[in-house]
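Reading through the structure tokens given below for one structure.
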Amino acid sequence: MCGICGIVYKDKDRTVDRELLVKMTDTLTHRGPDDCGYYLKGNVALGHRRLSIVDLSLGHQPIANEDGTLWISYNGEIYNHRDIRRDLESKGHRYKTNSDTESVLHCFEEYGSAGLHRLRGMFAFALYDENSEKLFIARDRLGIKPLYYVDTPRFFAFASEIKALLVLDDVRREVDYHALLQILALKYTSDDSTMFADIKKLEPGHYLDLQRGIVSIARYWDCNTIQTDTSLSEPDAVNRLRELLDESVRLRLMADVPLGMFLSGGVDSTIIAARMAKMVDRPIATFSVAFQEREANELYYARLAAKHAGASQHEITMTTEDFFAALPRMIYHEDEPVAHPSSVALNCVSRLASKHVKVVLTGEGSDELFGGYERYYQTLYNLKADRMLFSVLPRSMRRGLFRPLIDMLPYKFPYRNKALRTTVYLDNDLETIFLDNYSTFSRAMLSELLTGSCWNGHDPRAVYSGFMDHYNRSQANTLLGKLLYADVKTYLVELLMKQDQMSMAASIESRVPFLDHKLVEFAFSLPDKLKIKGFNTKRALRLAFGPDIPQEILNRPKAGFPVPINRWFAGEYHQMAKNLVLGKDSFCGEILDRKLIESYFSLHQQGKYNHSDRIWTLLNLELWHRIFIRRESLDSIRLLPQ
């Protein structure tokens, strides 16, 4: 795993300054502490930081083809690179190393952009062709590896992380309010925008060409066209799933360094650990993190999973002080507001793992493929209940009777909050029942929250347009299929960014067996009944691997990774968060309604309503603005209980 960056001046007579390239590359040192390299030729430069995983002695980058006319800076792992190498050597290509980097280089040399279809793995890379004077950058199918770029009249630049692009003077540190609106609602952007007005992300499954100063972007892979395989029997589907996941895990054990496993004690990581343990000749190293608070400590299940796999289990417990001390630096590493509190814990367990291994496998991606989140079946049942209820009652009763009655209930009335999420209270359109229902700030809340001229031209009613574009583009013939497709294109990309940047901040590589593209394509061919049946989620996965894992883990309700922010923001960290978010010179206080935010804090502290998720989002936005826009030093930001 590595960090890459580069710059191309559109004026061919302008030479890239070596010191500038070194400065860009040095911001990525945490991604590759083992080695660095540079390619400079006139108006073009490529930089590289290396974390040595395969071919430890000869994998220096950037590296060129046989005649030195095609150069690559590459981040990732190609698990079938030996097969690709045999094919390319048979066609006359000569290798200098045993690394997968050269297979990507020669594959492009032989097949052009069509060579991307031959790569099985995770990657983000840049190729520069001296003969055609063309820069080519590409990102893997699912977005496991990040890649950002900026295109100005004077230059084009790219990097693994946004912070490397901010080194360039012409890149403005200005907020993209289109992106911010999405982050307030969803915690992620559903398009190529970032929190910085000048900087875009290359979307998963896409590549970009730069030639003669003109940028062109194309999609090379999508799971949109995969049709449900109605001929596949349930036993055959289960057997095929076992074969594909086992193959995926086996491929991801490729490394010349020690490997381990992040183990949460959930179904997904427990399955991967169990399969991994059967493929190696020694106990696997597993790593888990929890908090001191009982409601946020699931080490019991992690230990159960580790014992079942015969693993060597390593654990760390975070204190509240550890968490908030680390938060500003985690925002620095993510380059944007930290969407999920679990990111901080993920970095903590990554630092633990880095003392023992250089590579870990994770269980990420399963929920988006097999329908693992409660919001999927809840939405299906909400819409079914809506059809049944309002087939006998007039819809006007929702607005005229049910909604006012629920609003009158005391905050702590049993089932009040659950009623707020049902079709009795909510309209039955998808943006309300699925997106507003599970958003941080709904469209109605945003309409009340946004203040100031900075929001001119940004309509909160259109905040879900990016998600809905993916939903409407899906060719799936069921609601569940369309929701899973849209989540793979949006929410999953955010989770993968978190996984990459939190692990790479600790100089450790994470691999995601569930997101092998052959497994993804197979998952999209399965009928809904093998994903959700009643309240049984991820049904195919449970049928395929249930007998191989502890039943106590298989049958436990899905919990996600618990972080006790509800308790913290109602208690000792309430005032700290409030002072930051509502300080007299705060960014949030400038662009959002102060009185409304004050009510969130007040109601949360009184225990009348759980606003912890909204407080978390606002706190992270404020800290991000201080770090990246105001450029306050990390050492100057101390989050202490008050």
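The values are calculated or read from the model by the stated rules, or taken from the named source; none is laboratory data. What you are looking at is a predicted structure, and each value in this text was computed from that prediction instead of being measured. Counting neighbours? That spans all protein chains shown, and the Cβs are built from the backbone with ideal geometry, glycine included. Accessible surface areas use protein heavy atoms only, side chains included; no ligands, DNA or RNA. Shrake-Rupley method; radii C 1.70, N 1.55, O 1.52, S 1.80 Å.
Share of the stretch 303-352's accessible area from carbon and sulfur, percent, 1.4 Å?
Values: 840 of 1660 Å².
Whole-percent figure for carbon plus sulfur exposure: 51.
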Rounded to the nearest Å, the spacing of the alpha-carbon centers of the stretch 95-127 and the stretch 571-609 is 50 Å
Where the only charges are on Cβ atoms (+1 Lys, Arg; -1 Asp, Glu), what is the dipole of the chain about its Cα centre, to the nearest 20 debye?
1660 debye
Lys and Arg at +1, Asp and Glu at -1: add these up for the other residues within a Cβ distance under 13 Å of G92 and post the number.
-2
Within straight-line cross-link reach of K91, lysines at Cα separation under 28 Å, skipping those fewer than 8 residues along the same chain:
K134, K518
Just to confirm my numbers, what's the Cα centroid distance between the stretch 484-547 and the stretch 289-367 in Å?
19 Å
Once Lys and Arg get +1 and Asp and Glu get -1 on their Cβ, which of S507, S474, C454 lies farthest toward the positive end of the dipole of the stretch 448-515?
S474
Which value, in nm² and rounded to one decimal, describes the direction-averaged projected area of the C-alpha convex hull of the stretch 444-559?
11.4 nm²
Along the dipole axis of the chain (charges at Cβ: +1 for Lys and Arg, -1 for Asp and Glu; origin at the Cα centre), the most positive-end residue among I7, P283, F545 is F545
Cα extents of the stretch 122-257 per principal axis, largest first, Å, are 58, 45, 35
Per residue, how much accessible area does the stretch 533-631 have with a 1.4 Å probe, in Å²?
42 Å²
Dipole of the stretch 398-552, Cα-centred, from +1 at each Lys and Arg C-beta and -1 at each Asp and Glu C-beta, to the nearest 20 debye?
620 debye
Taking the Cα centre of the stretch 190-299 as origin, work out the dipole magnitude from +1 charges on Lys and Arg Cβ and -1 charges on Asp and Glu Cβ, in debye rounded to 20.
320 debye
For K307, give me every one of the aspartates and glutamates with a C-alpha distance below 15 angstrom, ignoring sequence neighbours fewer than eight places off in its own chain.
E298, E315, D548, E552
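Relative contact order of the stretch 13-116, please, whole-number percent, based on alpha carbon pairs below 8 angstrom and at least 6 residues apart.
Details: 144 pairs, mean separation 21.3, N = 104.
Relative contact order comes out at 20 percent.
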Surface/4 estimate of mean projected area, convex hull on alpha-carbon atoms of the chain, nm²
28.9 nm²
Where the stretch 402-501 is the region considered: accessible area per residue in Å², 1.4 Å probe
44 Å²
Shape metrics for the stretch 339-473, restricted to C-alpha atoms - Rg then Dmax, Å
19.8, 63
Which of the peptides 263-271, 424-432 is most tightly packed, and how do the rest follow, judged by the mean count of other Cβ atoms within 10 Å per residue?
263-271, 424-432
Please give the Cα centre distance for the stretch 135-178 versus the stretch 393-472, rounded to the nearest Å.
34 Å
Highest-first arrangement of 385-391, 102-108, 161-167, 83-89, where packing means the average Cβ count within 10 Å
102-108, 161-167, 83-89, 385-391
In whole percent, how big is the carbon plus sulfur part of the accessible area of the stretch 473-541, probe 1.4 Å, protein atoms only?
50 percent
